[in-house]
1. Return the loop-located trypsin sites (Lys or Arg not before Pro) in segment A:439-539 (DSSP other than H, G, I, E, B) with at most 16 other Cβ atoms within 10 Å of their own Cβ; answer none if there are none.
2. How would B:Arg280, B:Arg486, B:Arg139, A:Arg355 rank on accessible area, largest to smallest, probe 1.4 Å?
3. Taking R0 as 41 Å, what's the FRET efficiency between B:Ser363 and B:Arg298 from their Cβ-Cβ distance, rounded to 0.05?
4. Please report how far the C-alpha centroid of segment B:158-187 lies from that of segment A:186-256, rounded to the nearest whole angstrom.
5. To make sure I understand the rule: partners must be lysines, Cα under 28 Å from the Cα of A:Lys86, and not fewer than 8 residues away in the same chain. Which ones qualify?
6. Give me, ordered by chain and number, the residues 5 or more places off A:Ser188 or on other chains with an amide H under 5 Å from its own placed amide H.
7. Report, to the nearest whole %, how much of the accessible area of segment A:265-418 belongs to carbon and sulfur atoms, 1.4 Å probe, protein only.
8. So if I place +1 on the C-beta of Lys and Arg and -1 on the C-beta of Asp and Glu, and nothing else carries charge, what would the dipole magnitude of segment B:293-407 be about its Cα centre? I want it in debye, nearest 20.
Amino acid sequence: MSSRRHGLFFCLCCWLLCPVLSTADNEAVFKDVAEEVGLIFVHFNGMSGQHYFPEMTGAGAALFDFDNDGDLDIYLLQGSMLGPGKTIEDALFPPAATPIVDRLFRNELISNGKSTGKLSFRDVTKQSGLLMTGYGMGVTTGDYNNDGWTDLYVTQYGSNHLLRNNGNGTFSDVTESSHTMDEQWGTSAAFLDYDRDGWLDLYVSNYVDFSVLKNNTCYAKSSRQDYCGPASFIALHDRLFHNLGGGEFEEVSDQLMMNYQAGAGLGVITADFNQDGWIDIYVANDGQANQMWINQKGKKFVNNALYAGTAVNIQGRAEASMGVDVGDFDRDGDPDLFITHLMGETNTLYSNEGRGLFEDRTLFYGLGSSSFPYTTFGTGWLDYDNDGWLDLLVLNGAVTELEPLANKKDPYPLHQPNQLFHNEAGKGFSEANYATSSPLKDSYVSRGAAFGDIDNDGDLDVLILNNNGPAQLLLNLVSKTRDWIGLRLTATKSRRDLPGTEIFLTQAGKKQQWFRTGTDGSYCSANDPRVLFTYPDHPQEKSLQIRWPDGSQETRPLPPASQYTEIRQTDGNY
Amino acid sequence: MNPMSHVTKLYRTISILFVLSTFVGVINAAETSLSPAVEGVEIVEHANALLDLPEQDLSTLEPAVAEQLEKSRDLLDDLISKHQNNRDLADAYGELGKLYHAYELNLGAEICYRNARSLDLNQFQWTYYLAHLYLNSGRPLEALELYQQIEAVHPQPALLRTRIGETYHALNRLAEARQSYLQAFYLRPESPAILARLGELAVEEKQYRTAISFLAAALTSQPDANRLHYPLAMAYRGLHNTEQAIDHLRQRGSVGIQPYDPWIEDLDNLLQGERSYLLRGKLAYSAARYEESIEAFRTALSFNKDSARAHINLGTALMQTGNTEEAFEHQLKALALEPDNLTIHYNLGFLYMNSGKYQDAISHLERVTTSNTEDASAYLLLAQALEKNLSIEEAMEVYRKTVLLDPTIENAWLGGVRLLLQNGEYGKALGVLNQARKNLPNNGLIVHAMAKLLAASPDKSIRDGQRALPLALTVFKASPSTGHARTVAMAYAESGECSEAAKWQQRSIDALNKSNEVMKTKMQAELKHYKTSNPCNFPTDAASNDNPGP
């Protein structure tokens, strides 16, 4: 513990540390800087013409500070060859680099406790001991053993892995000793402390019972062979692991999740949806009703999605849910949900109407027809223009072949451009035009997206994992017109990040906006654990009401503007 | 065997067998993007301005489909070369557009429809098809413009009003959507689709009472459209009527309402080929329209008589209609085509099992479990076949393997328990039930079996009234029935509360079907025992004659 290097940036103005990246096009929102900062990674999906289902579903990425130096590092999941006897010679797209393993990149923005003033990344996979060779799908981050170092849980089509951060730049695979093994097709996962015992528990969503040995052959309506959908397979059970402390977990899914019925789970997010002080779990299922597991004071979970209005769309139709994020887009002080879907469906906005009851307000807020032609996976709420209202980024890429591309003999005819939607002060959303979001018009098969302030400049940047394509690092280039607040919420003793903490911006006791800590959401990815929002008007009248994961509450004045501030729980037990 | 388990198994079988993804159609239907060269081309009536049709890569399509598309394209090219008049050429483009549209080759469909419109604007059907294509491709503004062009000439049809309403709805122009739907409603007030649209729109507008009126009327008109129960539930929820909301949520399903649209339905009639009919068969099967699915699978076979999938699925559908003989015939034909296909072996195992030919069933199912050692469903069926074949020890072992593979299969746990009870191994049976309950804590059958064994086991040493009673009461509360009330009585008796036992036994007798005289006599004797004996524990001799377990 004593060796931890708490980030210097938490007490210094980040403008001083901000890397200098030119913004030649002042109108652009994002710039893809992956290549110029040394983030060289190309996802390998191992496709060999067999149309194996997993090859077009992965993968995700994580933004996390593995070396506690105060900047976000990057973990990217990699695929592998699928099918018995297949070698990389059989791959339609050869791997860009070998060995074909997940990659860990260290952010050199801060080095030896000092700012280098330059955003750059170094591949430290080999040194870290991380040699994940399976078929990577998703990742979540959290300090499961309260040692102050962020650990990884990696899901795969195959065996999942809990990777303990040893605090010295290396990781150890502790899956077996921790009893967190799951050999199903894992997708998104989330760490949460559902029973308030101070130890992070783990929820793992699983997809369908696909096997390369029993690969179904599926066809498009045109009769051309195509990828299968989840309806061709049996949905798998998700798993909830209770952290017993001491590095061990116990699976409690059957005991705690009442009347569980398997769905084809792809996305997971945790938040206190009904505002009763206990963290809940939302699972986005592909083609089946979504689940909203309401926490019954740590004793059990009851799926209330149907009555809550978040299981299906307003017409009662279960949609092909992939990614999910939660945010208070209308600034009414409670969490709202956004779920991404297949083309031919809309993405869906579930607005929280209070008491944990939601309404599908997709069309009302103008998010309907614009998403109809796209298949979306990763997504996130982000206030890209720092106007105080949460905007939406959606990452697109089809799952079955797009006819015009296939007809042109495109070798991987699934790619689509991404989209950015601007929040019009809570009254609706409008799609940002491509001139202001140039890297988004690049057509890739985007899947996972992790959101975080990679350059510590007070806005959210985006790491995108493109299936069978290069990773993109979209740096937010919008010039700051307003101050901002950056928070890191940590435990009293262990000083680990505290996912599940709720922050309410209040004025005269009235909740004006809701935020949460947590790295889950999007698709198969892990986000920056910090909270970032625009500095409010009339700051002297405002305060922060903090509800910690153990249920205790405290009120704090607004922290200084335009810097990150660490807030430690005052009287926590852990 | 529980008849419901047949359904489950058949569904499992068919869900594995059917190889056509349910969503691929939707996906490709939504594909719209045009190349820059196509976008922005002005539609003019002169043939010289016609858009070039893209060359379709037919090599990857099913031969019957490729041939159909090729012939239609050749026909068009022939007409073009003969410089036919615009009307005939427009029809040829339009018909080819429909064919592309049916196969979700939407780029070709769009160009065909646009050319047809260029050649003959008076034929509004091509405009209608193009508008439908746009609306279902996320291009509602373009769809609206086209629908309005038709409306200017043909203002009356309710269907057109409904489509315009749907388009406004997609554009979130709710007031205009409502107006269009209402115009359609005045023209066809009995249409459940229009009522449903009005109801759904009212939910979005938070006009909950209006929504309830329209949705309830739609459901009265078309009760099987059970998806409407969901918006109806949301409307009741909006009015804080929780009871009605929950009641409608319980009734909700997946069947929605589409307006009757002969033009769009006509597109499906253009589809040819084995794969198309396999998909039709699957959809009909999923909706329990077995005769229709059989017809579709037979047509699929007419395109490819050696289609193992068509034989397998036809056999499965025939099973549902009770035509076992022909079901066997098609599964065996499939087996001849694909002797190593484990699904066929599973299906034959199932058919032989239900025909009482247990040895044959065992033979096919062992083929499955030998090749796929993780197929828990096959293990379960094998265990059941072995049990029927009186190979008790082997059956027990296979039940054990089944729960190791999938501890959530209740029938595997209960099968093992049943064999142990038959063998008089009550203590072991209780041990298995304990394990089962750990894996399936909320399973009523397992909890009931446990309660009954603890309350009335022939082996008195394992009885435990204090444990049995809460279990029995829990089961009764969740599912009140004569049998469950009788188990509560047994548990009270074992707990020494004879008057309570008698009360519950009387309750059980009162609820008993009057025609069940044998059971009634037996239960009255038990009641007398509870009333007259002290202690009044369920007698061991009666317990031996009563099935203490599942």
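The values are calculated or read from the model by the stated rules, or taken from the named source; none is laboratory data. Since we're looking at a predicted model, the values are computed, not measured. Methodologically, a virtual Cβ is constructed for each residue, glycine included, from the backbone with ideal geometry; neighbour enumeration extends over all protein chains shown. The protein model used for the area step is the full one, side chains on, heavy atoms only, and it has no ligands, DNA or RNA in it. Shrake-Rupley method; radii C 1.70, N 1.55, O 1.52, S 1.80 Å.
1. Sites meeting the loop and neighbour criteria: A:Lys480, A:Arg482, A:Lys493.
2. Working: B:Arg280 70, B:Arg486 15, B:Arg139 35, A:Arg355 170 Å².
The residues order as A:Arg355, B:Arg280, B:Arg139, B:Arg486, largest area first.
3. On the way: r = 29 Å, r/R0 = 0.71.
Working from the Cβ atoms, E equals 0.90.
4. 41
5. Result set, ordered by chain and number: A:Lys126, A:Lys214, A:Lys408, A:Lys409.
6. Long-range HN contacts for A:Ser188: A:Ser205, A:Cys524.
7. On the way: 1750 of 3470 Å².
After summing per-atom areas, the C and S share lands at 50 percent.
8. Numbers: 9 positive and 16 negative charges, 47 e Å.
My answer is approximately 220 debye.
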